[in-house]
Each structure stands twice: as C-alpha cells, then as structure tokens.
1. Within the bounds of segment A:177-195, is there any residue that is within 16 Å of RNA strand B (Cβ to nearest atom) and at pLDDT below 90?
2. Against the definition (open to solvent by 50 Å² or more (accessible area, probe 1.4 Å), within 16 Å of RNA strand B (Cβ to nearest atom) and assigned to a helix (DSSP H, G or I)), how does A:Glu26 come out, yes or no?
3. For segment A:377-401, which residues satisfy the criterion of being open to solvent by 60 Å² or more (accessible area, probe 1.4 Å) and either part of a loop (DSSP other than H, G, I, E, B) or β-branched (Val, Ile, Thr) (or both)?
4. Specify which of the listed residues (A:Pro129, A:Pro115) is in a loop (DSSP other than H, G, I, E, B), under 30 Å from the mean Cα position of the chain (by Cα), within 13 Å of RNA strand B (Cβ to nearest atom) and exposed (fewer than 15 other Cβ atoms within 10 Å of the Cβ).
5. Please determine whether any residue of segment A:559-573 is open to solvent by 70 Å² or more (accessible area, probe 1.4 Å), near RNA strand B (Cβ under 8 Å from one of its atoms) and in contact (Cβ under 8 Å) with a residue 40 or more places away in the chain.
6. Among the residues of segment A:448-471, how many are in a loop (DSSP other than H, G, I, E, B) and either over 13 Å from A:His531 (Cα atoms) or more than 8 Å from RNA strand B (Cβ to nearest atom) (or both)?
7. Among the residues of segment A:501-518, what is the count of those that are open to solvent by less than 20 Å² (accessible area, probe 1.4 Å) and either near RNA strand B (Cβ under 10 Å from one of its atoms) or aromatic (Phe, Trp, Tyr) (or both)?
8. Name the single residue that is nearest to the chain's Cα centre (by Cα) among those in segment A:144-167 being modelled with pLDDT under 95 and not aliphatic (A, V, I, L, M).
Amino acid sequence: MEEKIKGLIIDALAESQGINEDELNEIGLELSRNANNDHGDFSSNIALKLASKLKSPPMKLAEEIIGSLETPAELELAECVKPGFINFYLSAEKKHSVLETIMKHGRDFGSSCAPEKMRVLLEFVSANPTGPLHVGHGRHAAFGDSLARLLKKAGHEVFTEYYLNDAGRQIDILCLSVILEMLRDEGLELKNINGLYKGTYIKEISQALIKEGFEINKKILIPKLDGSADEIVDALILEMKNVIGSELFQKISDKTVSRMTKLLKDDLSDFRVKQDGFYSEKSLFSKGKIEEACEIVKKNGNAYEKDGALWLESSKYGDDKDRVVIREDGRSTYFASDIAYHHDKKMRGFDLLINVLGSDHHGYVSRLEAGLASTGNKASDLDVILMQFVTLYRGKKKIQMSTRSGNFVPMRDLYSEVGVDAARFFYVSRSHDQHLDFDLDLATEQNNNNPVYYIQYANARIKSVLNENKKRGYVFDEGIGKANLVKLDLTIEEEIISLLGKYPETILKSSETRAVNKIANYLKSLAQLFHSYYGSTKFVSEDEEIRNARILLLICVSTIIEDGLDILGVSSPLKM
RNA sequence: GCCCCGGUAGCUCAGCAGGAUAGAGCGUCGGAUUCCUAAUCCGAAGGUCAGAGGUUCGAAUCCUCUUCGGGGCACCA
C-alpha cells in the first residue's frame, strides 16, 4: 500500500508541478505511517520539502498535489493540513485487512521481511571457561540469543557460536588451581596463592577427578615464592608440568576444560540460550589454522618482522598501531588466534559476522577489522556490537558485584531468583549501548511495574476470554468474524489494528539495527492498548457479528504477543 | 592525551534513518470490581529534552563546542 500511495504522489507531482522522478529522488519522497489517527494513516511532507525549491507556499503546493491525485478505492481521503502535510486516510476495509493476513499466516506474520537474506554467524558470550558465567555474561546471553531469534524471524540464516578459549595461560592457571586443590584434598597444607581460581566449582572438579582415579604425587616441591603474583603462578605451572609430567598435566587440563564447558553449556541452556556451536581455540593450533592465517597475511604483504617478532601492519587498515602476532619466543598472541578464527568464519561461507562483545573491548574492534582485512576479507563484513555493563540492585541498594577474591555473582543465581522469563526480558529491555540497572526486586514484582507480567497477563486474559466464549456455548466462527471486521470501529480497536499492522516493520527495523529492545517496547505498547480495550469493552456479547469480529481481533493480538515474547525467549503462560 | 557510550517528569526509562500538542510506569492526588482474571483500567498534577552555537520550512532526534557521569587505550586473554 505504501508503494502504491508513493506512486500516486509521483504521478500527481509530475502532473501538477512538472517534477520528474530524478528531481524527486534528489529531494527524497517519504511517506510515514502514523500512530494516532489524528493525522490519517499515512502522511507525506513532500509539499514542505518542495516549498523552498519551487518558491511557493507549502499549503498551496499540497492543495495542487491533491488536486491532481487519483484516489483508488482503498483510499478514503487525502487532505492537506496546517504546515503543509498531506494526510492519507485508508478505507476501513483496507485497514482491517491486516487482521485477515494475520489469521492466514499466524505466527509467520512479519516473518522473512528482510529484503536481503544473509548467512550470519553470530558469536556471543565466549567467556573463558575458567569459571561460571556471571550476571554480565547473562546480558550477553539473553541479548545474543534473542538477536539470533530476531534475525531468523526477519529471514536470515543464523548460526550461533561460542568461541571457547581452551588454550593458553588462563587454562594452565585453571588446571594448576584444580591440581593444587586435589593436593589439598589429600591433606597437603598449602598457602593461598594469589591469582589462582577459587570457588566451589574448583573443588567439585578436583573431587570428580580424584574419583576418576587421577593421582598427584604428594611429594611435590613447591618452589620458592618470589616475585610478583604472575611470576609465582607461571613458575608454579612450569614446576608442576615438570614434576607430574606434561602429559598428565595436559590430561587433567583437558578433563577440567570439558567439565567447565559442560558447566557453561548448562548455565546457558537452562537460560533457554542456544549456541549452535562451540569453536575451540585449541583446534586452531592443532589444525594449523594459525600458521595458515599468518601465511596469508604475509603473502598479502601485511606483515613484517621486527625485534624477532612478527607484526601485523594493522595500522594500514585503520588500527592505531601495528600489533604483534608471533612473539619473540615463537608463541602466537591471542590476536593471532582471532585473525585465524575470523578468517575461518568467512571461509565457512558466512556473509556477515556479528560479534557481541563487552564495551570494555571497544579498543579491540579496529584490530579485529584490520585482522579481517589483512587476510583478504572485507572489514565491513564484521559487525561488532558492544554491550554496556550491568549493575545489580535490590530496590535502591546496589549489590556488590564481585568479592575481593574476584568472584562475580553467577548468572544462574540471578535467573534462579527472578525466573528465566523476567531475567531475559529485563536484560533485553534496554538498548545494548546503555548501562543496565537490573533491579531484582522489580523483576519479581507482580504488578504494573513489571512489564514481563504485564505483557504475559494480557495474553493470559485473551486466553481466558476465549475460554469464556466457549463456556457460554459459543463457537468462534472465523467467517462471521471476517465478514464483520468493519464493526471494529472503536478508537481503541483502530489503534490496536494499526499497531498490529506495524509488527512487520518493527521486526525489520529492530533486526537491521540489532535493537532487540524495540521488540520489548512494541509488546509493552500492544499490551497496554489491550488492557485498556479489555477494561472498556465487552467481548463475549450476544451480538454474533460483533462478538466474532472482536474475538478474531483478540486472536490476532495473542498471536503477535506470543510471537514477540518468543523472540525475547519469554514464555506465554495460558493462565496466571 | 586519544577513542567509545550516556545525560529526557521527583524516580526508572520510551521516543532518536528530523515532522504536527515530547510519552509510559512508579511515586502524589482522585475514581472504577452485580460484567470475559484488579498481576487490570480511567482521570489529575508534573518538562528550559544537561548547556551553548549551527544545519533546516521544522531539531529531543543531525553537526560542532562545553560540562557531568561510565568505560577503554598490552609481545594479557
């Protein structure tokens, strides 16, 4: 319809002002859809835009345009208003037809609206497997999973992935922490060492390994603890590998990582977050992907050697300075892994790579782009979404996020307390580039304050009305409903229908801007209109025609609420 | 020093590919339940959209500066 009206305007402009399409393209023809029906269903500002160019008052122009405007049956009226807007009013039949579309397509209404379908690799969370996921990761998880659902809804093919940092120093430290815990468990007295991982999960893993029959020589020598915490830890790792043998160390390391990974997967899946794949950093080494990437970079003339290290000339691609890829001692940097990993993503055939990262990684973005460019890919294929931080509150009281030993509040604690529905909704209700204050009290309140329940309740009320309809011996007749849509002429009904009609463009816009929170806002508005409608109108009435028409409308509202909530990973209870 | 994000009602926030009177909820005040779920609804009061310039017929929205707050600038991961 939008295109049709635009076409009409173009014709009218040509006739009344002698403006051709090229001239028009310069100015840009916009047609906006209006929320409140004060200004019609669509409006155009074209007369205002043309006024200065044609040196003619906008109102006069608008009148002339309308004068030569054809009006098809779907259009009831076109009028010009005060500053120079042209407002279009659709016929009632046309406006109501969206309900028929929703009845026909059901939950597929608004699906596949993206004009260009892409293969997307969406990477999110990717936290080191050295501890349970905390409330900050929770936001990444909720956002990433919802974005995946949203992009799929819009018609894209989406693969979600978790990059598992299962190699490197942090993993050695994790493994060391577990081994020392095993020794402790066997009665060895050990001083606390800074920089090691603590927490019940370390204990659990060490005990599980002991049960599996892993043994550590108790006569292990702890080297003198001199130097900085980092130096001590590194010395311990080296010593441990020597004493127990790097083979056993590696075995324990593998066991530990796989147990940690299981823990992460459970944290995520219990939060209804689905990762299609876990990509192992270690596999980059074993499959030679890092050397491969280095070769490509060198071949493309984007690397050089200096001070015994291999440097990527990332400054060539917009980074502040060049970066080390292979260290002096021959070990590759984390950045090297990332170059190889992102190149591999492209090789797997994805058009678009989306990374959800913490906002503290923003300095890393240009480096990633440079890495991608230096392997011969387009930097613009990478879309990094930076996530701002989360602060927990209990009412007005800020909750200490981490203890002195560096333990964060686990995300599982959060969603166990407030429930998965509330947690997911709250996490996603604000734009990713804004700080999130997560109020645990608010998330569990059962009233108007709490948008999750407000929306769910709207849907539950609809289900209840449908039941009541049956209970009174009526059978919903879609045919009668469709035939009487024109009777839905209350202002509130028109507002609801208009909002339902905006669902596809909401999906499109929020998927394009990765703004999952727009879905949450949309649902809030829809629920609000519904509750108001509920309070003012009787649905199960004796009049068969209006009853079926209204119930049809309610079914449409319910369809959209359920679909929208599902994008957010929130359930739609039938009863509350 | 450089870079990213933000400042909208007393509070928490929507609105931001420019558009017509800036919206919700809470809180305050006043109402609604013989009726399909009151986890609801209706009404009132409440604003220099941080400040100053600029672009435009038109700016909360775009640009510049200032200011306040959060975060970042490794041969760490």
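The values are calculated or read from the model by the stated rules, or taken from the named source; none is laboratory data. Source: prediction; values computed, not measured. Note that we place each Cβ from the backbone using ideal geometry, even for glycine, and neighbour counts take in every protein chain shown. Each accessible area value is taken on the protein alone, full model and side chains, heavy atoms only, with ligands, DNA and RNA left out. Shrake-Rupley method; radii C 1.70, N 1.55, O 1.52, S 1.80 Å.
1. Yes, there is a match, as at least one residue in segment A:177-195 is within 16 Å of RNA strand B (Cβ to nearest atom) and at pLDDT below 90.
2. Considered against the rule, which asks whether it is open to solvent by 50 Å² or more (accessible area, probe 1.4 Å), within 16 Å of RNA strand B (Cβ to nearest atom) and assigned to a helix (DSSP H, G or I), A:Glu26 comes out as yes.
3. Matches in segment A:377-401: A:Lys378, A:Phe389, A:Lys396, A:Gln400.
4. Criteria check complete, one pass: A:Pro115.
5. no
6. Residues flagged as in a loop (DSSP other than H, G, I, E, B) and either over 13 Å from A:His531 (Cα atoms) or more than 8 Å from RNA strand B (Cβ to nearest atom) (or both) within segment A:448-471 amount to 2.
7. 3
8. My answer is A:Asn165.
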